[in-house]
Structures are given as C-alpha cells and as structure tokens.
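Shown next, in structure tokens, is the structure this report addresses.
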Amino acid sequence: MKSPSSQPRSRRTLDQSLLVLGASALATGLAALTLAPGISAASSHREAPMVAGDPRADNTDVYAFTSPDRSDTVTMVANWIPFEEPNGGPNFYAFADDARYNINIDNTGDGRPDVTYTWYFRGKVRDAENQFLYNTGPVRKIDDANLNFRQVYDLTVTTDGHTETLLHDAPVAPSRTGPASMPNYAALRAQAVRSVPGGAKTFAGQAEDPFFADLRVFDLLYGGNLSERGKDTLAGYNVNSVALQVPKKLLALHGSAARNPVVGIWSTTERHGANVSDSRVKTHGDDWRQVSRLGNPLVNEVVVPLKYKDAFNSISPDQDRTVQPVVDKVYDPILPKLIKKVYGVPAPKVPRDDLAEIYLTGVCKACGPIKADLNAHSLNKDANPDEIVPAEELRLNMGVAPAKKPQRLGVLAGDLAGFPNGRRLADDVIDISLQAVEGAAQTGTLVPALAAGDKVDKNDARFGTAFPYLALPDTKNVNASRVGAQRAGMTNPSNAAAIGGIGALLLGTGAYRMKRRRTTG
C-alpha cells in the first residue's frame, strides 16, 4: 500500500488545484449573487482649442437663478477645471493663483458689465520640505493643521469703475481626497460658506460636476443612429466652483428689481498677458487678458465655428455683434443641418430670428417671433433703448418666482423660472437646446423624433436645498464604472449561477479524486 504522500506529485497538485479553483469560483459566484450592481457611473468643457490646454482657466458652466429658499436673492454659480478625477492626487485641484475669476452682470443691456464680482486665489503649503501629501491626517476643520495645502481668496466687487474688497483671506473648501482624510466633508464644506457684507453669501471649492449629458453627441450625434444615448458622461467627475448669493437689488439697474428685473450674466477667466515690448521700456505691461468666457451653455461648442472659438473666448459681449461670421451662425446654425443630414429631420427655415432672440437679445414680444415678454433688457423700465445691443449673455428675469415644481425642460415645459430664463442646476440644457435649434421655442411643440434627447434627464447626484446647492464632490475613481460593468456581468443571475456551478463542479471533482486516492491507496 502506498501512502498518499507517495502518489505522483503532479496528481496531488492537480487535485489540490481543482479544490482551490473550485472554492474560488464558487466563492466568486456566491459573492456576485450577493453584491448589489456596483456600477458607479461617471457645456462648456474643453470647448475651444486654447483653453482646452489650460484647465484651471477653462470655464465649464454658469448658472443663475432666483434662490428657491431666499426669493429676494439670486444665486450665481460658475465652474472651472473640467473632468476632475476624484482620486487624482497627490496634487489635487486648485484654482490658479495667477488668474482671476469673474462673474459679470449687465443690467443696462449694453453688453458691458455693470457689476463684476472677482475671486483672487492664493495657495499655501504648510510643509513643502518634508511632506508630499495634500493632507497628513484626518481633516475636520477648514484650518486643520493636517491640511498641508490650502487656498484662500479675496472677493471684490466692481461697480462704475470702483472696486471694493468684500472679503480677505476667505477659505476655499479643499479637494475631497477621500473618506479617511475627510470623514465629514459636508461639515467641512459648510465652514467654507461665508457671509458677505450687504446680505450676500459666497462659497469657493470643489463640487460634483452638476452638468449632466451624454457627450457621445460628439460621435456623429449619438453614433449616427441614436444608439449612443443614456449615459451621463460627466457622472463621477468633479469641478471647482464659485457660488454667490446676492440680494436682487445689488444686481438690478438703479437698485430696483421691481422696475428693472432683467440682468444678463456671464463668467470669465483672465490671466496676465505675455506682452511683447521693447526691452528699453522700463515698465512692462501688467494687463489682464480674458481667456475664457461663458454665458449660455453650448454656444461656443455648437454655434461658434472652430475658427472663431478662441476669439469668442477673448471678447466682451458688447463686441459680439461686430464678429459677423459668428452672428451669421446664430441666424443660420450648423447643428440643424447636421441633424438633417444624419437623421433626416428637416431643418427650420433661416434666418433663425428665434435663436437670435434666445441668445442675443432676450425674449420679448417686440424682439422676434417668440411672442412672450420674458427676459429682454428692453423690459427694464429704466433701460435706455438706444444703448441696448445684441450680446450673448445668460439673461434672467428676476421677477419670475421660483417654480414649485421645476420642470427639467424649463420654459419649453411652461416653467418660466428655468432655462433659457437663467439656468438652474437641474435644467436639462442639452435636451432644451436640441429642441430649440429645431425650432420648438418658436412653434411651442417638441420635435417628436428628438423628444427623448440624450436620455439623460437628471444629474446622478442630488443637489442641496440650501446655498450653495451643489452636490458634494465624488470620491470614487471614475473608472470604477468599468469595474462595475465587470461586476454587473457577474451579478447577472445566469452568469453568477454558471460561475458558481463551475466552482461546485471543480470542488466536487477535486474532493472525489482525493477521496478515491485515499481509498484505493
């Protein structure tokens, strides 16, 4: 009789391997059956060639709406740095120290800012000699000693050429580096909300990207056959945000939101220019140069031709009407022709006075074919008609009360408090814009062939009910969706059962072979 140890080594190895493989496969199958589907799904993001290479200056979205919980104020939000991967350390995401970030308000309709709020940021490192980490322990306070890198900012307001500093050294909410580092990020972020003289509030810091869309629209309009829809491409990514809640009277012409409720809003980024000057000149220029601009969503992406995108980012709205090739594309846009070519949906007749009304003048009965008085500067009683010019701005009629039941399609759905009357965080600007370029704002009827839009109807994260309303930053790595997809494959009941079945078979075979060997040995 041979002892088991005297069996050929290769046979013992095979039997043990069958047991190990079987146990592993069975465990995997059972685990997969018990796991919940783990797919962690991930406007003006990278819209122009030059700013696409300068993420800290890349202005991705701007929002402006009457605050739902403080109806005597307007909340404005502007975002920068697109596609922030939550785990992108050890140097996470900071505003540029050498840039200034602006939110501009035009209350006269001349295309120039009458009020400008500006954020100037400065980064500070506690220990640059002996540390490489963003934080060296749990961070529970906005000035926590464990926070190795921090930013502060000054906030100024400029009116009538006079600039006043409203806040000095206000803290920025840090990048959310993870649950171990920041166990209560909501409490931490709340410490970055600051009151501003005059009854305003401000916030600066990281937030979940509130823009939601299926960006496969750029793959020949959803794959050329509408097959590539339904995935929120922005899900999982963060941005850097500034938010400001301001009493309406501080924005309105002559301080009266009742007589002059309409304002135009846009954000800009400015950097110090690289001046070419004669070396004999002792004083070199220190001018700020505008490198990014954003009012209405998607204008620079899908209205402005590629040749003019960088130039569009550098000019003020009062100059828009002087750039004839861009004005021409508002009246005769590219997108409806592309939709007709790909999907056969007839393009509305040109010139598109309805789009000019939405993007350049604001909506009013006397402004164009859309017969409603909504958000044109000409509705301001004290505005000088001779000064009003066509200009691309996000216009908001502050006299429209917040909707009790906001509709994602905004004005197209009869909700006058939504886009294009300002823009709320939950407005579905992709679907609204798609319908608008196909003429729905003028006809009052949605285009049936495109009624489903991109099939992404809401943000993946819930927005807050109080200032700054933005969702907290994501912490999971974006490519977790791939892991999730793999898990989803395993969590498919038939796949999981198959894996478990194979495991049981391997386990049984290994056990049988070992038992038989002991019996016969």
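Counting residues in the range 407-417 that are surrounded by fewer than 18 Cβ atoms within 10 Å (Cβ to Cβ), in contact with a Lys or Arg (Cβ under 8 Å, 6 or more places away or on another chain) and not in a helix (DSSP H, G or I) gives zero.
Residues in the range 364-402 that are aliphatic (A, V, I, L, M), open to solvent by 20 Å² or more (accessible area, probe 1.4 Å) and in contact with a strand residue (DSSP E or B) (Cβ under 6 Å, 6 or more places away or on another chain): LEU379 alone. Looking only at residues of the range 199-223 that are modelled with pLDDT of 95 or more and either in a helix (DSSP H, G or I) or over 25 Å from LYS476 (Cβ atoms) (or both), we find that the one that is most open to solvent (accessible area, probe 1.4 Å) is LYS201.
Using the structure shown, decide if GLY137 is more than 26 Å from the chain's Cα centre (by Cα), open to solvent by less than 10 Å² (accessible area, probe 1.4 Å) and at pLDDT 95 or above. So GLY137 does not fit the description; no. Annotation: LEU306 fulfils all but one of (1) under 28 Å from PRO113 (Cα atoms); (2) crowded, with 16+ Cβ neighbours inside 10 Å; (3) not basic (Lys, Arg); the unmet one is (2). Of all residues in the range 154-187, those satisfying the criterion of being in a loop (DSSP other than H, G, I, E, B) and crowded, with 17+ Cβ neighbours inside 10 Å are VAL172, PRO174, SER175, ARG176, THR177, SER181, MET182. Of the numbered conditions (1) outside any helix (DSSP H, G or I); (2) in contact with a helix residue (DSSP H, G or I) (Cβ under 9 Å, 6 or more places away or on another chain); (3) at pLDDT 95 or above, LYS249 satisfies every one except a single condition; which is it? For LYS249, the failing item is (1). If you check ALA96, ALA128 for being of a type in the set (A, V, I, L, M) and open to solvent by 10 Å² or more (accessible area, probe 1.4 Å), only one passes: ALA128.
Residue-by-condition table, conditions (1) under 24 Å from ASN421 (Cβ atoms); (2) open to solvent by 20 Å² or more (accessible area, probe 1.4 Å); (3) modelled with pLDDT under 65; (4) not aromatic (Phe, Trp, Tyr):
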position: LEU30; (1), (2), (3), (4): no, yes, yes, yes
position: PRO37; (1), (2), (3), (4): no, yes, yes, yes
position: ALA48; (1), (2), (3), (4): no, no, no, yes
position: PRO55; (1), (2), (3), (4): no, yes, no, yes
position: THR66; (1), (2), (3), (4): yes, no, no, yes
position: PRO82; (1), (2), (3), (4): no, no, no, yes
position: GLU85; (1), (2), (3), (4): no, yes, no, yes
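Each residue in the range 418-462 was checked for being open to solvent by less than 30 Å² (accessible area, probe 1.4 Å), out of contact with any strand residue (DSSP E or B) (no Cβ under 7 Å at 6 or more places or on another chain) and assigned to a loop (DSSP other than H, G, I, E, B), and 12 of them qualify. In this structure, SER292 does not satisfy being under 19 Å from the mean Cα position of the chain (by Cα), at pLDDT 95 or above and either surrounded by fewer than 24 Cβ atoms within 10 Å (Cβ to Cβ) or in a strand (DSSP E or B) (or both).
The values are calculated or read from the model by the stated rules, or taken from the named source; none is laboratory data. For clarity, every value in this text was computed on a predicted model and none was experimentally measured. Methodologically, a virtual Cβ is constructed for each residue, glycine included, from the backbone with ideal geometry; neighbour enumeration extends over all protein chains shown. Note: accessible area is taken over every heavy atom of the protein model, side chains too, but ligands, DNA and RNA are not part of it. Shrake-Rupley method; radii C 1.70, N 1.55, O 1.52, S 1.80 Å.
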